[in-house]
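Asks: Please find one structure pasted underneath; my questions will follow.
The values are calculated or read from the model by the stated rules, or taken from the named source; none is laboratory data. These numbers were taken from a predicted model, which means no experiment stands behind them. Cβ coordinates were reconstructed from backbone atoms using ideal geometry, including for glycine residues, and neighbour counts include every protein chain displayed.
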Amino acid sequence: MSGSGRKDFDVKHILRLRWKLFSHPSPAPGGPAGGGCLQQDGSGSFEHWGPSQSRLLKSQEKGSVSTFWKKPSSSSSSPSSSSPSSSSSSFNPLNGTLLPVATRLQQGAPGQGTQQPARTLFYVESLEEEEVPGMDFPGPHDKGLVLQELKVEPANSSQATGEGCGHRLSATSHSLTPQSDMDSSSSEEFYQAVHHAEQTFRKMESYLKQQQLCDVILIVGNRKIPAHRLVLSSVSDYFAAMFTSDVCEAKQEEIKMEGIDPNALWDLVQFAYTGCLELKEDTIENLLAAACLLQLPQVVEVCCHFLMKLLHPSNCLGIRAFADAQGCIELMKVAHSYTMENIMEVMRNQEFLLLPAEELHKLLASDDVNVPDEETIFHALMMWVKYDMQRRCNDLSMLLAFIRLPLLPPQILADLENHALFKNDLECQKLILEAMKYHLLPERRTLMQSPRTKPRKSTVGTLYAVGGMDNNKGATTIEKYDLRTNLWIQAGMMNGRRLQFGVAVIDDKLFVIGGRDGLKTLNTVECYNPKTKTWTVLPPMSTHRHGLGVTVLEGPIYAVGGHDGWSYLNTVERWDPQSQQWTFVASMSIARSTVGVAALNGKLYSVGGRDGSSCLSSMEYYDPHTNKWNMCAPMCKRRGGVGVATCDGFLYAVGGHDAPASNHCSRLLDYVERWLL
C-alpha cells in the first residue's frame, strides 16, 4: 500500500493483520530460527522490527543485525537496550517513535548470491490506548493515525553481493493527527515569517499606487481616492460597518463622502496602508475631525496628544471648544485645566473677547479659575462687554450673577450703583444691593450665605505646614497645600531644625520665631519668601522661647509666653515691621507654655497652655490700645498644646492634651470648643 492511496483505516483490523503477519512466534519455513520474519518468495527473509514502540523486537540472528530504537526518555537508559552496532547510529525522530540504528540485508540461502531488491514497507500505528497498552496517547477524541514509511535502498548503484553489503534505511512520516496533538519530538515544524504583515501591506501599497485591484473609489469634493475595501475595513470601524452591512454603499464602486476634508481623507487612506501620518499645526484639526468620523482611535489619540503640546493662552479656549465638539473628552479636560491655570494670560487674548456668552458664563461660574481676587474676574467681564457693547448689554445681568459681588471691595460697589451700564438694569441693581448689605451688616453674614459669598479656591490663599517631627527629629521641610489642585507640594527648607517654634505671616512671607534645637532654646528669627525661596535673618527676640504662641495683630507680630529652658514665661514681646525691633508689652496674668493665641476684633487672645504644674483651661485677652490683659470665660476642658483659630467672628479651640505628656493620665483631646464675644 502506498502513501497516495491512504483512506480511512479500520484500526483494529490493521492491528490484527500486523500481529498475524509479523508477530508469529514460529520461524518461517526454510528460514533461520528467531523472531518473526517476513518471507520473500522463499528466497530470503527481511526482519520486521515490531508493530509499536512497546513491542520492539531485537533480532539476534546470526549474520543479521537490524534494530530500531525507541527514543530514550532520559540519559539513564539501560545500556542493554542498545545493539552491537549502536555506535554507528544517530537519533533521528520519526513521529517520536522509531530511530534507525543500522540495517543489513539478510544473507540469502546457500547458493543464492544475489541481493534482494530494495523494498518499501508501510505500517500504521494505532493511537487507541485500549488496543496497545502501555503507550502514551492523545485524548479520547483524538484517535488519529500515524503512517510510517520505511525504505530500504542499496548503498550504491552497483549490484552488491555478500555479507558486507550495506543498505541505507530512510524513514518518512505521514501524520494524520492535528499539529497541537503531536509529540514535541515530531518531525513536523511550525514556521512564521517575521515580516510577513509588513511585506504584505507594502505589496498592497504598491497595488494602490498603481491603482491595481482597487474595488472602491472615495469621492470627496472634486477629488477621487481609490482604495481596497479589505484594507479600509481592517483599519476603520466606519468602513467595516459600511462594507459589511446591508447598505447601498456596500456594493457601490464609488462612494461620496460628506463632511470631511479631502486632504485629511487622503492622508488617512495612506495611513491605512503604511501606518505613517504627518501631523502639522495648520491641518491637525481637520485630521482629527476626519479620524473621529472614520473611527480611527489610534489617529485620534496621537492627534489629541499633538494638540496638547500646542496649548497656549492664545489658543486654549479654541482647542477646548473643538475637543468638546469632537467628543475628545481627555483633550477637553486638559485644555480646560490649562485655561483655568493660565486664566490671567488667557483674558488678555483675542479668543477671550470672542467667546460667546454661554462659554463665558462657564468660566465665570468656575471655582477653579486661578485669579488673585474677585476684582480681577469682574474687570474681565467688563472688558468682554465693552468689546461689543451694543449686543452684549443684554447678557450683562445674566453674567453679573456669576460674579461674587459681596467679595468685591466696598469702593467698587459704590461706583457700580450709579454706573451707566447698571443704572437702568433692575437685576443688576438687586445684585449690587445684596453685595452692599453684606458689607454693611457683618453680623448678619452667616444668614446671607450664597454661592456669591463663597470665595474661589485661588483667592482663599495657601496653607503652609512648617517643620514638625521627622523620625524623632525636628523636620526642616516647608510644604504648602493648593486648594484648587488638592495637592501638597514642598515649598522650601528651613536653615536648621526647630521644635516648638512659632510662625506668622506678613505680606505673604513666613516668619519663623524661637523654638528649640535639641536642648537649646532659641531666640532667633528668620523670614522666608516663598516667591524667591530665600531666607532672611531678622533681629532676635529679647528672650529665648520655645512653646511660645505667635500671631499678628494690626500689623505687628506678638510672641507670647513659652519656656526659656529654665522657667515658664508670662512675658510678651512685639515686633514692629517698620522699625524691625522687638519691644516688651504688658505681661499675662498667668505664665503659659504651649499656649494657643489668635487675633479677633482687634484683641489678642491667649488660650490654655501649661503653667508648670498642670494644663490650663483659662483664657485672657490683650488690648493693644490700653496695653492690658483681661481674663475671659474659661474653656470647658483643660488644654495644653491647643490649636486656636478664628472664623466668622468665632474663636475656636481645637485638640490639645489635658495633662503634661509625662503624666500617664494624659489624654489627647478631640473636642472642639467655640467662644463668642
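Asks: State whether one or more residues within the stretch 292-308 are of a type outside the set (Lys, Arg) and under 22 Å from Lys386 (Cα atoms).
Replies: Looking through the stretch 292-308, none of the residues is of a type outside the set (Lys, Arg) and under 22 Å from Lys386 (Cα atoms).
Asks: Would you confirm, using the coordinates I've provided, whether Ala335 is in contact with a Lys or Arg (Cβ under 7 Å, 6 or more places away or on another chain) and modelled with pLDDT of 95 or more?
Replies: yes
Asks: Quick one: would you say Tyr528 is closer than 23 Å to Asp648 by Cβ, surrounded by 14 or more Cβ atoms within 10 Å (Cβ to Cβ) and not small (Gly, Ala, Ser)? It would help to see each step written out before you state the result.
Replies: Working: closer than 23 Å to Asp648 by Cβ: no; surrounded by 14 or more Cβ atoms within 10 Å (Cβ to Cβ): yes; not small (Gly, Ala, Ser): yes.
No, not satisfied.
Asks: Please enumerate the residues belonging to the stretch 332-348 that are surrounded by fewer than 17 Cβ atoms within 10 Å (Cβ to Cβ) and over 22 Å from Asp482 (Cα atoms).
Replies: Arg348 - this is the single residue of the stretch 332-348 that is surrounded by fewer than 17 Cβ atoms within 10 Å (Cβ to Cβ) and over 22 Å from Asp482 (Cα atoms).
Asks: Follow-up. Are any residues in the stretch 488-505 modelled with pLDDT under 90 and surrounded by 14 or more Cβ atoms within 10 Å (Cβ to Cβ), and if so, which ones?
Replies: Ala491, Gly492, Met494, Arg497, Arg498, Leu499, Gln500 - these are the residues of the stretch 488-505 that are modelled with pLDDT under 90 and surrounded by 14 or more Cβ atoms within 10 Å (Cβ to Cβ).
Asks: Residues of the stretch 549-602 being exposed (fewer than 15 other Cβ atoms within 10 Å of the Cβ), under 52 Å from the mean Cα position of the chain (by Cα) and among the aromatic types (Phe, Trp, Tyr), which ones?
Replies: Listed by number, the list is empty, since nothing qualifies.
Asks: Among Ala475, Ala420, which is out of contact with any helix residue (DSSP H, G or I) (no Cβ under 8 Å at 6 or more places or on another chain), surrounded by fewer than 12 Cβ atoms within 10 Å (Cβ to Cβ) and of a type in the set (A, V, I, L, M)? Lay out the reasoning, then the answer.
Replies: Working: Ala475 fails: surrounded by fewer than 12 Cβ atoms within 10 Å (Cβ to Cβ).
None of the other options fit; the residue is Ala420.
Asks: What are the residue pairs meeting all of these: first residue in the stretch 355-367, first residue at positive phi and modelled with pLDDT of 90 or more, second residue part of a loop (DSSP other than H, G, I, E, B) and of a type in the set (Lys, Arg), Cβ atoms under 7 Å, and 6 or more apart or on different chains?
Replies: Nothing qualifies.
Asks: Name the residue, out of Ile432, Ile478, that is aliphatic (A, V, I, L, M) and touching an Asp or Glu at 6+ places or on another chain (Cβ under 8 Å).
Replies: One residue alone meets the criteria, Ile432.
Each row is one residue, and each column tells you yes or no for (1) touching a strand residue (DSSP E or B) at 6+ places or on another chain (Cβ under 8 Å); (2) in contact (Cβ under 8 Å) with a residue 24 or more places away in the chain; (3) among the charged types (D, E, K, R).
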site: Leu538; (1), (2), (3): yes, yes, no
site: Leu553; (1), (2), (3): yes, yes, no
site: Ile557; (1), (2), (3): yes, yes, no
site: Trp566; (1), (2), (3): no, no, no
site: Thr571; (1), (2), (3): yes, yes, no
site: Arg574; (1), (2), (3): yes, no, yes
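Asks: Here's something else I'd like to know. Looking only at the stretch 240-263, how many residues end up being closer than 20 Å to Lys209 by Cβ and in contact with a Ser or Thr (Cβ under 8 Å, 6 or more places away or on another chain)?
Replies: Going through the stretch 240-263 one residue at a time, the tally reaches 1.
Asks: Given the structure, is Lys362 assigned to a helix (DSSP H, G or I) and under 31 Å from the mean Cα position of the chain (by Cα)?
Replies: Numbers: assigned to a helix (DSSP H, G or I): yes; under 31 Å from the mean Cα position of the chain (by Cα): yes.
So Lys362 fits the description; yes.
Asks: Please state which one of Lys256, Lys280, Lys309, Lys251 is surrounded by fewer than 18 Cβ atoms within 10 Å (Cβ to Cβ) and under 25 Å from the mean Cα position of the chain (by Cα).
Replies: Answer to the check: Lys309.
Asks: What do you reckon, is Ser587 under 20 Å from Phe511 (Cα atoms), assigned by TED's automatic domain parsing to the domain that holds Lys509, part of a loop (DSSP other than H, G, I, E, B) and not charged (D, E, K, R)?
Replies: no
Asks: Which of the following residues is part of a loop (DSSP other than H, G, I, E, B), without any contact (Cβ under 8 Å) to a residue 12 or more places away in the chain and more than 20 Å from Arg484 (Cβ to Cβ): His312, His379, His305?
Replies: When all the criteria are applied, what remains is His312.
Asks: A further question on this structure: Quick one: which residue in Cys665, Cys636 is in the same structural domain as Ser618 (by TED's automatic domain parsing), at pLDDT 80 or above and exposed (fewer than 12 other Cβ atoms within 10 Å of the Cβ)?
Replies: Cys636
Asks: Out of everything in the stretch 604-633 that is under 17 Å from Tyr558 (Cα atoms), free of Cβ contacts under 8 Å to residues at least 40 places away in the same chain and of a type outside the set (Ser, Thr, Tyr), what residue ends up being surrounded by the most Cβ atoms within 10 Å (Cβ to Cβ)?
Replies: Filtering the stretch 604-633 for residues that are under 17 Å from Tyr558 (Cα atoms), free of Cβ contacts under 8 Å to residues at least 40 places away in the same chain and of a type outside the set (Ser, Thr, Tyr), the one surrounded by the most Cβ atoms within 10 Å (Cβ to Cβ) comes out as Glu620.
Asks: For the stretch 445-467, which residues satisfy the criterion of being of a type in the set (Gly, Ala, Ser), more than 21 Å from His544 (Cβ to Cβ) and either assigned to a strand (DSSP E or B) or touching a Ser or Thr at 6+ places or on another chain (Cβ under 9 Å) (or both)?
Replies: Ala465
Asks: Would you mind telling me which numbered condition in (1) part of a strand (DSSP E or B); (2) in the same structural domain as Leu396 (by TED's automatic domain parsing) Ile489 fails?
Replies: (2)
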